[in-house]
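Below: one structure, written as C-alpha cells.
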Ligand SMILES: [Cu+2]
C-alpha cells in the first residue's frame, strides 16, 4: 500500500512508511529505457520453467513494497554481518577449546542469518530483473548484488570450511588455542570475508538509500573505491596480526588496550569523515540567491541542438493573452487570511480567495475572453493564480519567478485569456504552492461548451472538490467534512466533477446505488466510455475525473476516502440513509477504457525529440537541509534538466518511476496523450492528461505537440515533492524570462 492512498495517516507515520518503502538507486548515465526485460527473454529462450511463477510473483509483489523489503533486508544484513565479522575476528582470543567451539558455532549462526536476509535481497533483485526493464535493475544487478553476494560467497566457500577444519582438529578439552590453531583462526583469508560482507552490504545500503539514479560515474566510483579501500586496509591489519599471533612465543593477546584504542580510533576517523561529508553535502546543496529559470542543464531529447541565446530571446512577459479586446467577463479574486469554520465546527486559519475556502467556483464559457484581477490583501508569502489544466498563453500561467513576480500584499495582477478548452479544471496559487494550496488558495474552474444557448439545464452538474484541511481529522468536500445531501429528481442526468486538491493523497471514490461512466479525465471527454459497476476510482493529487449517470429512483452515494463518513448523498427527496458499501469489484483503469478514436499523433508517429524522465527518491541534502529528496534524472531542481523544444515539434517523454511512492507529474500549458504503460499500449479511448499518476515501478510513454511557446513547469503535484526538488521545466527555443527566483527575490514557486 502506498503512503497516503486515500486514507489518513499521521504525518510521522507517513514519513516512516515513505522511509522504509524507499527504493534503491544505481548506476549508469541516461540512455534509452532499455530492453523490456532482457533477462525475461533469456529465461524464456533457455526454457526456464519457472518463468511463469516469476512473472506472477512480480505482479503480485508490488515494486514499491519490494523496494521496501530490499532496504530493510539490506540493513539487517549489514548489522548481522558486522556482528559476525566482530565474532570471527575475536575467535583467536578464545580462552579455551570449549569457548572456541561455541564462538565458531555462534559465528556460523549469525553469518547464516545474515545470509538469509542477503538471499532475500538477491531474490528481490532477481524478480525485478525478470519482470522490469533494465532501467529498474541495472544498478542492482551490477553494483548491489555483487557487493552483497561476493563476500558472502567467500565466507561460505572459504572461511566456514576453514573454521570447520579447525573444529575437527581441536582437542575436546584444550586450553587457549596454541600457535598453530591461532594461525588458522586469524588468517586474513578466514576473517576478512566476514568483515567484507558487512562493508559490502553497507556500501550496497548506501546505494539503496542515498545515491541518486541514474548515477554519474563519480557517484558510483567513489563509494566503491571507499569499500575496496576498507577491505584492503582490513586485510593488511589482519595480515600483521596473523604474523604476530601465530608465532609460537606470542603472548596471549586478550583484549588489550591497544586493540580497544585502535577500534576507537577507527570509529572516530569514520565519524569525522562522515561529518565532513555531511557539512560539504549541506553547503553544496544550498540554492542560489537568485536564479534565472531560463538557464540550466539542457536536454535535447536526442533531437537537434537548439540555440539558447537568451540575449536575443523573446521574453515570456510578451506571451500574454489578448490584452486590447474588451473582455466578456471580469472577475476579481482577493487573497486574504481568514478564520474559517468547517461544517464540523472546527475553525481553521485559512488563506482564502474572497474570504471563502475553497475560492469561488468559476464557470466560464468556451471561447470567452476572461479578465481576472488578483489582489493580495494580506498574504505575506505572496500569491499568484495558476490555471491548472487550462493551456493558457505562458504569461498568464501564474508561476512565480517564471512567468510573473509573486503578487505581494497591497499589489494586484491581471490575467487575461480565452478559455479554449471545455471541462473540469482548477485554479491555485503557484507561489509557495505547498503551503498556499494546503491552506485554501484554490478553487474549481469549469469551462462549459459554447453551444448555442445555455448548456442543458436539465443536467445536475456538481463539483466535488475534496480537501484535507490542516488540523482536521478527515477529508472534506469543500468545507463539508461529513455527508452532504442533494435532492436530485429520478431520471435527471448527473455529472459529478471530482477534483483532488490535496497533497500526496491518492483519493478514493466509490459510487453506490447506480452504475456510472467516467466521462472525462483531466478536463478531456473520453470516447464512448463503458458503464462501470462498483468500481473504485483513485484520483491523483491535482487530477480530475468527471463521472456521469442517470439518477435512479433510490439514493445514490458518492463516498470520498472509502468510508461512509464523508461523501455526497443524492436522493429524490433529499433524505434517505447512506447505503453500506460493498468491497469494490475493481479499480478503474483508463488504459483500456472507452473506444479508440482518431488522435493527431500516436505511438508510431515520427517524434522530433524523445526525452526520458526517471523519478527516484533518496536521502540527501536540499538547500542545506538533510531530508528525503525527490530526483528527476538523478538531480534536484535547479540541476534537473530543461527539456528543450522548438515550436511545432512532436515530443515523446518516457516517465520511469523507480521510487517507492507515486508521483503525479503535471506539465503546464500542454495536454499529453498517454501512449503506453509498462509496454502495454493505451487502446481504449484516447487518454489525454495534464496530471499523470505514475505509480512505483510504472513506466509511461506520453506524447504532446509543442504548440504553446514559453517556459513551462513540469513537476510532481505532490507539492511536498516539488518543494523537495522534484521540479523541472519545458523550455522553448528562443524564450527568456525577466523574472528570477530565490531568496534575493520574492518568488518561490513551490
Ligand atoms: Cu512526487
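For the reader, a short list of remarks on this structure follows.
- Single residue of segment 653-679 satisfying the filter (more than 14 Å from the ligand (Cβ to nearest atom) and more than 21 Å from residue 420 (Cα to Cα)) that is surrounded by the fewest Cβ atoms within 10 Å (Cβ to Cβ): 679
- Matching residues in segment 585-598 - criterion: being buried (at least 16 other Cβ atoms within 10 Å of the Cβ) and at negative phi: 588, 590, 593
- Screening residue 704 with (1) surrounded by fewer than 22 Cβ atoms within 10 Å (Cβ to Cβ); (2) more than 16 Å from the ligand (Cβ to nearest atom) gives one miss only, at (1).
- Among residues of segment 464-489, those that are part of a strand (DSSP E or B) and over 30 Å from residue 349 (Cβ atoms), counted: 1
- Total residues in segment 722-743 satisfying the condition of being within 18 Å of residue 382 (Cβ to Cβ) and away from the ligand (no atom under 12 Å from the Cβ): the figure is 7.
Listed here are the residues, each with its yes/no results for (1) surrounded by 15 or more Cβ atoms within 10 Å (Cβ to Cβ); (2) at pLDDT 90 or above; (3) in a helix (DSSP H, G or I).
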| position | (1), (2), (3) |
| --- | --- |
| 225 | no, yes, yes |
| 229 | no, yes, yes |
| 251 | no, no, no |
| 264 | no, no, yes |
| 267 | no, no, yes |
| 274 | no, no, yes |
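- Test: residue 719 is within 16 Å of the ligand (Cβ to nearest atom) and out of contact with any strand residue (DSSP E or B) (no Cβ under 6 Å at 6 or more places or on another chain): yes
- Taking segment 89-109 as the range and being crowded, with 21+ Cβ neighbours inside 10 Å and more than 18 Å from residue 168 (Cβ to Cβ) as the test, the residues that pass are 89, 93.
- Test: residue 639 is more than 29 Å from residue 71 (Cα to Cα) and either away from the ligand (no atom under 15 Å from the Cβ) or surrounded by fewer than 18 Cβ atoms within 10 Å (Cβ to Cβ) (or both): no
- Residue-level check: of (1) more than 34 Å from the chain's Cα centre (by Cα); (2) over 23 Å from residue 95 (Cβ atoms); (3) touching a residue at least 12 places away in the same chain (Cβ under 8 Å), residue 157 misses just (3).
- Residue within segment 449-458 that is in contact with a strand residue (DSSP E or B) (Cβ under 9 Å, 6 or more places away or on another chain) and surrounded by 19 or more Cβ atoms within 10 Å (Cβ to Cβ) present: no
- Of the residues screened, residue 575 is one that is within 29 Å of residue 443 (Cα to Cα) and outside any strand (DSSP E or B).
- Scan of segment 680-698 for residues that are more than 18 Å from residue 542 (Cα to Cα) and more than 16 Å from the ligand (Cβ to nearest atom), ordered by number: 680, 681, 682, 683, 684, 685, 686
The values are calculated or read from the model by the stated rules, or taken from the named source; none is laboratory data. Owing to the predicted nature of the structure, the values given are computational and were not obtained by experimental measurement. So basically every Cβ, Gly included, is an ideal-geometry build from the backbone, and we count neighbours across all protein chains shown.
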